[in-house]
Each structure stands twice: as C-alpha cells, then as structure tokens.
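Undergrad: Below you will find the structure I want to go over with you.
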Amino acid sequence: MAGAAPTTAFGQAVIGPPGSGKTTYCLGMSEFLRALGRRVAVVNLDPANEGLPYECAVDVGELVGLGDVMDALQLGPNGGLLYCMEYLEANLDWLRAKLDPLRGHYFLFDCPGQVELCTHHGALRSIFSQMAQWDLRLTAVHLVDSHYCTDPAKFISVLCTSLATMLHVELPHVNLLSKMDLIEHYGKLAFNLDYYTEVLDLSYLLDHLASDPFFRHYRQLNEKLVQLIEDYSLVSFIPLNIQDKESIQRVLQAVDKANGYCFGVQEQRSLEAVMSAAVGADFHFSSTLGLQEKYLAPSEQSVEQEAMQL
C-alpha cells in the first residue's frame, strides 16, 4: 500500500550494569540519529529511571512503578526491579499498543541495569523474543565502563559477564567500552588499547595477576575462566566516547550491520558501504590506534622494555 509505514522496525536494546552510561548513551545516540535524518523513539524500560534527560516516547513507569512495588510487596530495589520486569512480561499487550503507532521510527530501548536480568533471569529475554515476533529487529548494545581495563581481575570479570550476557540475551550483540575519555583516571593500562578491544592473548593478564599475592592463590581458577572466554571466542569491544561523533559513528556502523538496517532502503547508502558490511571488511585497527593516541598517555617505555618486564 502506498504511503504505508514499513512493517519491519529496527532498534537497539541498551543494556549494561548500573552506572555504565546507558541513559547518557540513549540521549547521545538519539541526537546523533536525528541529525542523520532518522525518526527516533526512545523507550524507557527501566522503572527506576527518574528525571530522564531525553524525550521519552514510551515510559514503563506508566505501567508499573518501582517505588509502588517495593512498598506494596515489601521488596528491596533488586527484587522490586525483577518483579517489574516480570509484570511487563505479563502485560506485553500494553507495550505493543504503545509501540504500534511508532512504526517507522528507529527504537532505542533504555533497559534496567540489573545484571541478572541479562545473565540468567528470563523476563527481559522473553520480552526481546516477543518483540522479534512483532518484526522488530534489535541489536543488544552492552555497555561496560572502560576503566575496568586498568585492573586485570576486573577485566576478566567483565569478559565473563559479557560472554554470559551474549549467550543469554540471544540477540545480535555489540559490546562497548564506555567513557573512553576517563579510561586512565583510574590507572594506567598494562597493554595497548587494541589488546582489550580485540581480547587478545589473555595469558598475559594471568601473568599480571600472578604478581599479586592475593590472586596468586587463584591462578588455576583464573586460567579456567580465561580458557572458557577464549574457547567461545565471541567477546570483543568497540571503544566509545559519547561526546565524540566519530566514535558514535563507528558504533552505529557496527549496530546497523548487526541488525540488518544497513541492507534496508530507509537511507541512501553507497555500494561500497553495503559490500563492506556484507563481507565484514571494516577494520578497526586504525580507529583503535587513533583512540589510543587521543585518550591514552604515551608510554615512556618501548615495547621491548615492557616485554622484558613481563
């Protein structure tokens, strides 16, 4: 039918632990997409979100409020949030009624920061699965703080959490290292940035951990965790500074490839861009090197000297 809204919709499910920058990401990405000419609808699925900085098209707070649930059922914040997601799962007809008039928009879903919702609890995965049946193609955008790279133990924990999230959520997945402009405020990186973004040979991290008397006792456990991550070979990261347009553009290219938006007809795209997406010929080494020069202080030692220390 001429003039009908497209049946297939695209969007991003923005997930990650509390404080990783999900709401700020939704604000920055929505502004960037509107500048590109896309019609954007930001959907808040986090009932704990208050004082939203972006224009909210749909707010789950209209259906269920975290404070009301905690008071009525005598639950803490964690239990209350899980209940809210289960309540939303049981009332998906309300969500569909809110989303149907927005067909033709690009959706950004600002999801709760409860880690177990993305690692083993079934409510959020069930909601995403139902959206897929509504012909809504989502990419999971998983944000983690980049400063975890400065601590080998925390970085291994982040890798395990990211891997568990990728396997549980069951969506096309893009992992982001957020707040790149603050990465060295918490310490100096032991390796170049591409070591962390591409998750290269993790045995070097084990050597760093072995130098700590506390972690030396858990070397075998760490070896098994590292082996698990490397056996799956799924986790990699894209560095993000939400105030840097080039950084947002790199993220958007990865997301559009993951959910298939770049193969659609919504925008004019060059044949080169489409073919690049088709064969995966988007090399991140030069962009990662540029980010390293931009945000990381240059090392005073040569690579050979650092290798000798290891």
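Undergrad: Can you compute 3J(HN,Hα) from phi for each residue in region 236-247, using the Karplus curve 6.51 cos²θ - 1.76 cosθ + 1.60 with θ = phi - 60°, rounded to whole Hz and x for Gly and Pro?
TA: Those phi angles translate into 8, 10, 10, x, 9, 10, 5, 8, 9, 5, 5, 5 Hz.
Undergrad: Run the paramagnetic zone check for residue 129: 7 angstrom along Cα to Cβ, then residues of region 67-86 with backbone nitrogen under 15 Å.
TA: 86
Undergrad: Taking θ = phi - 60°, what integer Hz values does the Karplus form 6.51 cos²θ - 1.76 cosθ + 1.60 yield along region 111-123, in sequence order, with x for Gly and Pro?
TA: For region 111-123, the Karplus curve yields 8, x, x, 5, 4, 5, 4, 9, 10, 8, 7, x, 5 Hz.
Undergrad: Then there is this: Counting only heavy atoms of protein chains, what accessible area per residue, in Å², does region 27-88 have with a probe of 1.4 Å?
TA: Ligands and nucleic acids excluded, the result is 49 Å² per residue.
Undergrad: If each of residue 31 and residue 87 carries a label point 7 Å out from its Cα toward its Cβ, how far apart are those two points in nm?
TA: It works out to 3.3 nm between the two label points.
Undergrad: For region 126-263, just say rounded, prolate or oblate: build the C-alpha gyration tensor, square-root its eigenvalues into a ≥ b ≥ c, call rounded for a/c under 1.5, and beyond that prolate if a/b exceeds b/c, oblate if not.
TA: Oblate, since a/c reaches 1.5 and b/c is not below a/b.
Undergrad: I would also like to ask the following. Past the 31 Å Cα-Cα mark, which pairs from 98/154; 224/245; 188/224?
TA: Violating the 31 Å Cα-Cα cut-off are 98/154; 224/245.
Undergrad: Next question. Within region 1-135, what whole-number % of the accessible surface is contributed by carbon and sulfur, with the 1.4 Å probe and all protein chains included in the calculation?
TA: Numbers: 2970 of 5980 Å².
Whole-percent figure for carbon plus sulfur exposure: 50.
Undergrad: Of the peptides 187-193, 22-28, 93-99, how do they stack up when ordered by the mean number of other Cβ atoms within 10 Å, highest first?
TA: Taking the mean over residues of other Cβ atoms within 10 Å, the ranking is 22-28, 187-193, 93-99.
Undergrad: If R0 is 30 Å, what FRET efficiency do you get for residue 153 and residue 24 from their C-beta distance, rounded to 0.05?
TA: About 0.70, to the nearest 0.05.
Undergrad: Taking the dipole about the Cα centre of region 132-224, with the C-beta of Lys and Arg at +1 and of Asp and Glu at -1, give me whichever of 153, 166, 134 is farthest to the positive side.
TA: Of the listed residues, the answer is 153.
Undergrad: Hey, another quick one. With the Cα gyration tensor of region 1-154 giving a ≥ b ≥ c as the square roots of its eigenvalues, does the rule (a/c under 1.5 for rounded; else a/b larger than b/c for prolate; else oblate) give rounded, prolate or oblate?
TA: Oblate, since a/c reaches 1.5 and b/c is not below a/b.
The values are calculated or read from the model by the stated rules, or taken from the named source; none is laboratory data. Bear in mind that the values here come from a model prediction, so they are computed numbers and not experimental data. Virtual Cβ from ideal backbone geometry, glycine too; neighbours counted across all protein chains shown. What goes into the accessible areas is simple: the full protein's heavy atoms, side chains included, and nothing from ligands, DNA or RNA. Shrake-Rupley method; radii C 1.70, N 1.55, O 1.52, S 1.80 Å.
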